Structure formats: structure tokens, C-alpha cells
Amino acid sequence: MNLYELLRGPLLWLSFGVFLGGMVVRLALFVATSRKKDKPIYRFWSWKWLWLSIVHWIVPVNVTAKKNPIVTIVGFLFHICLLVTPLFLLAHGVLWYESWEISWWSLSEKVADYMTLVAIGCGLFFLVRRMVAPHVRVITTAADYVLLAVTLAPFVTGYLAYHQYFDYYTVMILHMIFGELMLVVIPFTKLSHFLMFFVSRAVTGMEFGRRDAPSW
Amino acid sequence: MAEKAAEFNPEVFKKTSDEKMSARLKMWLEMCAHCGLCADTCHYYLANEQDPKMMPAYKAKKVLDAIKKKGKIDEATLNSLYETVYGECTMCRRCTMFCPFGIDVASIISMARGLCVSQGKVPENLVKVIENYFAHGNQMALTQEDWIETLKWMEEELQEELPGATIPIDKKGANLLYTVNAREPKFYPMDIAHAVRVFHIAGEDWTMSSKGWDDTNLAMFAGDLKSAAYVSQLVRDAAEELEVKRVAITE
């Protein structure tokens, strides 16, 4: 088994396993602890406030979108490209088909290429903002830079691989390593907001909601 | 310095933070993306020439940093934490409204105040006030005699203007139990009269209680949840004893 096969096979399984398993464990731990220590969540449970809270932030209909339109637009573009590009990339679809004979809709290669650039561009915007804006710099830790790099690395290497800049094999190996690395770190870092965003929005939405106060 | 250090109890600090670390607090402390969108939602940040150290996420991070040390913090760190959680946040929750994740910084600050309490770091006045609740059932250390007398006095004053207006005390089965801030009978008794005027004109079925009438809960501001529960219970007990339908609190 060469390095490519290792990354394409066992390590891919491992990283999907750690990613999904890690998220399930996080959620389970939250539920277990909250049953004992966060009883107001269950006492004031409200599907209405739960959904309203999530919906108002998953589409930008909230006070922050009005107050900070630029960060909101860049943030939404960043997240959309981050999620949509890898899931609907033609080349990734081919891999799924080769392994499982399953396929779904995919983006045109040109659109995917632009979306990759948008993701990288938005990431650079956040990098510069983090270094320049005093109120962002003051709360920045080394982990913030590392995680931004880990998030952008699959996109940069993916772009290089598609255009076959540098040595294709090496770039592709790096692309796979970074992609799998990103999946693996999600459950253990602030990137866990991938899932915990929904949990936090739900509990805060209900906490505000039980006082008839919207949290958006 | 050595004497002061003896007051620290790292074990207690760690034990308290473990006890207080709920699922939500842990999630919020860990998930903050450090995006900085909370900065200009905070009146401390805006009122201090946009000092980055006044932004909500920075204060929350300070709490997290202290907790991460598992009690192994020096006096300067504890003092700085104390200054932040008591002097630089009113726990108004405005930042939570603007946070994309809805992180409740106020809860984090409240928890950290509790941590300071565990190290004997509480504002002196707050300690005194909390003692008052236990000794007298209200923060101003008013005796029951003073309280009833104030109500009688207000009733008399009011009757000159509104004949027939009364302040029912300990009336069983009323619709409403009206509770006040103990500062009202102590310093601003006319505030009570204003409310009575409204109840009288509206024809409300209401009462005041001879005990458990102070609706403030300053123990809560110290993150001292055991005392806070005791204080809330005083009003609840009064409401249950008088079999009222609801409790109204003063503005």
C-alpha cells in the first residue's frame, strides 16, 4: 500500500470516524451533563424559540447582520463555499462513485474553481482582520491562526492540484492530509461549532424566549 | 505577600469551578470563535474609548484562562479576574444578542464571581447586604416593625388624596402579591405610594406581605447561588403562605 492508498483508504475511514464519532460524543456529553447541571433547558423547552433562534442566524436576519454587514457577507460566503465546494465537487463525486457507486449533483468545474478562490479570499480577509483590528487581535490565540490555516489548506492545495501547479502527486497527497486533518480536529477545537452552533443557538434562543425576548 | 497567599485555596478554586461548570458554560467557553463581533455591543467597550480589553470575549477568555490553570493562579491573576468580573460587566446580556452563537457571557461572568467568592474575594458592601438577607429577610436590614410602619404611613398619606385607598397586608388568596426593592421603604417610600395608587384605581385584588417582601437578590450578583436560592425562597414562601395567584415585582 502506497501513501496515496493509505490516505484514500484506512486514514480516510479513520478521519471520518473520528469526525462523526467525536461529534456524537460531544453531543452525548452535552446532554448527559446538562440533564444534571442545566435543568432550565429542559424545564423551559420550546420548539418555537429553538427554531426561531437557529433560523434567524442561519440566514442573516439578525442584529449583527445589520450592525456588521461586511463581516456578515464575508462570513456567509466563507461558510457556504466551505461546505458546498467539497460536497459537490465533481472530482470528489467521482471518488464516491468509484468506491460506492453512489453519485449526486455536482458543481461545474468552473464554478467550483471560483468558489475555492472565494473561500481562500474570505479566509485571508479574516486573517488580515485578525492581525489588524485591535479588538480581534486581543482575543486571538495561536490556535486561531493554526485552525484558520488548517481550514484553508485543503482549499489551497485543492486549487493547486486542480490546476496541476507543482508536482501533482505531492500536492494531491498534501491535499488529502490537510482535508483529513481538518475533519479530525473539528470535534476537539472551536471548529466544533460545526455542530455546537445549533446547540448553543437553541439553548440561548429558549433562554431568551422564555422571557419573550428574541435573541437576534 | 506570604500572608495573603495563605488565603488562596487552589483546591477550593478548582472544586468550585468543577461544580459550577455546566454543559452550557463548558460549551460556550470552548466554542467562542474569537470573531470580535461582540466588541461594540458592550457599553464598557464603548465608554472606555474602545479599549479592546473591555470587550465581552476578552473577559470571557480571561475566565477561561484562569479556570484552565486548575486553581494554580497567583494573586495578581485572581485580583485582575476579580476587577474584570465585578468592575467591567453588568451582566446585561446585550453581547449575547449580537453573538452569532448566542454565547451567554453574563453566565460566564456570574460563574467567575462565584469563583472569586470561593477565594474570599467579594465586594465588602455586597457581603454586608447578603448578611442582611439572612438576618432580616431584606437587603436594607429593615425590621418588620419599620416595614409595617412605613406601609401604614404611606396608607395614611395616600388616603388624604384618595379616600378609601388601603394597603392590604397579609391578605390571603389575593390575586397579586406586590413586592418591592428594600431601598423603597428605606429611602423612597413615595415609590410604594405610586404603585398603590395604580392598584387602587385599577381595582386590583392585591396584597403586600409582612415578610418575604424584598424582591431584590443581590446574592445573585455575587454568583453566590446558595444564598441567592435562599433569598428567592423568602418571596416564594410568602406567596405560598398567602395563597396568591402571582407575584408582582417593582420596577
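Residues in the range B:75-92 that are part of a loop (DSSP other than H, G, I, E, B) and within 14 Å of chain A (Cβ to nearest Cβ) were compared, and the one that is farthest from A:His56 (Cα to Cα) is B:Glu88.
Name the one entry in B:Ala174, B:Ala165 that is in contact with a Pro (Cβ under 8 Å, 6 or more places away or on another chain), among the small types (Gly, Ala, Ser) and touching a residue at least 24 places away in the same chain (Cβ under 8 Å).
It is B:Ala174.
Summed over the range B:41-54, residues that are more than 7 Å from chain A (Cβ to nearest Cβ) and either small (Gly, Ala, Ser) or touching a residue at least 12 places away in the same chain (Cβ under 8 Å) (or both) total 6. Elements of the type helices (runs of 4 or more DSSP H) sitting completely within the range A:1-86 and holding at least 3 residues that are surrounded by 13 or more Cβ atoms within 10 Å (Cβ to Cβ): these cover A:3-8, A:10-37, A:47-58, A:63-67.
State yes or no: is B:Lys211 in the same structural domain as B:Pro163 (by TED's automatic domain parsing), basic (Lys, Arg) and surrounded by 15 or more Cβ atoms within 10 Å (Cβ to Cβ)?
yes
Selection of the range A:95-112 for residues being in contact (Cβ under 8 Å) with a residue 24 or more places away in the chain and not aliphatic (A, V, I, L, M) yields only A:Glu109. Scanning the range B:17-40 for residues that are more than 10 Å from every other protein chain (Cβ to nearest Cβ), more than 22 Å from the chain's Cα centre (by Cα) and surrounded by 15 or more Cβ atoms within 10 Å (Cβ to Cβ) turns up just one, B:Leu29. Filter the range A:1-51 down to the residues that are closer than 30 Å to A:Ile177 by Cβ and among the charged types (D, E, K, R), then identify the one that is modelled with the highest pLDDT. Among them, the one singled out is A:Arg26.
Considered as a group, the residues in the range B:93-138 that are outside any helix (DSSP H, G or I) and under 20 Å from B:His34 (Cα atoms) include one that is nearest to the other protein chains (Cβ to nearest Cβ), and that residue is B:Gly102. Reported count of residues in the range A:59-71, each being more than 9 Å from chain B (Cβ to nearest Cβ) and either without any contact (Cβ under 8 Å) to a residue 40 or more places away in the chain or hydroxyl-bearing (Ser, Thr, Tyr) (or both), is 6.
Just one residue in the set A:Ile186, A:Ile120, A:Ile177, A:Ile139 is of a type in the set (A, V, I, L, M), modelled with pLDDT of 95 or more and not in a helix (DSSP H, G or I); that residue is A:Ile139.
Take B:Ile109 and tell me if it is at pLDDT 95 or above and among the aliphatic types (A, V, I, L, M). It is true that B:Ile109 is at pLDDT 95 or above and among the aliphatic types (A, V, I, L, M).
Taking A:Val146 as the residue in question, decide whether it is aliphatic (A, V, I, L, M), touching a residue at least 60 places away in the same chain (Cβ under 8 Å) and either surrounded by fewer than 20 Cβ atoms within 10 Å (Cβ to Cβ) or under 30 Å from B:Asp51 (Cα atoms) (or both). No; evaluated as a whole, the condition is false for this residue. When A:Ser215, A:Ser200 are checked against the criterion of being modelled with pLDDT under 95 and either under 22 Å from the mean Cα position of the chain (by Cα) or within 14 Å of chain B (Cβ to nearest Cβ) (or both), A:Ser215 stands alone in meeting it. Scanning the range A:29-48 for residues that are within 11 Å of chain B (Cβ to nearest Cβ) and either touching a residue at least 24 places away in the same chain (Cβ under 8 Å) or of a type in the set (Gly, Ala, Ser) (or both) returns A:Phe30, A:Ala32, A:Ser34, A:Asp38, A:Pro40, A:Ile41. Considering the conditions (1) closer than 27 Å to B:Val85 by Cβ; (2) at pLDDT below 95; (3) aliphatic (A, V, I, L, M), B:Val235 is excluded by exactly one of them, (2).
When A:Phe188 is tested against (1) within 14 Å of chain B (Cβ to nearest Cβ); (2) surrounded by 18 or more Cβ atoms within 10 Å (Cβ to Cβ), only condition (2) is not met.
The values are calculated or read from the model by the stated rules, or taken from the named source; none is laboratory data. All of these numbers come straight from a predicted model, not from anything done at the bench. So basically every Cβ, Gly included, is an ideal-geometry build from the backbone, and we count neighbours across all protein chains shown.
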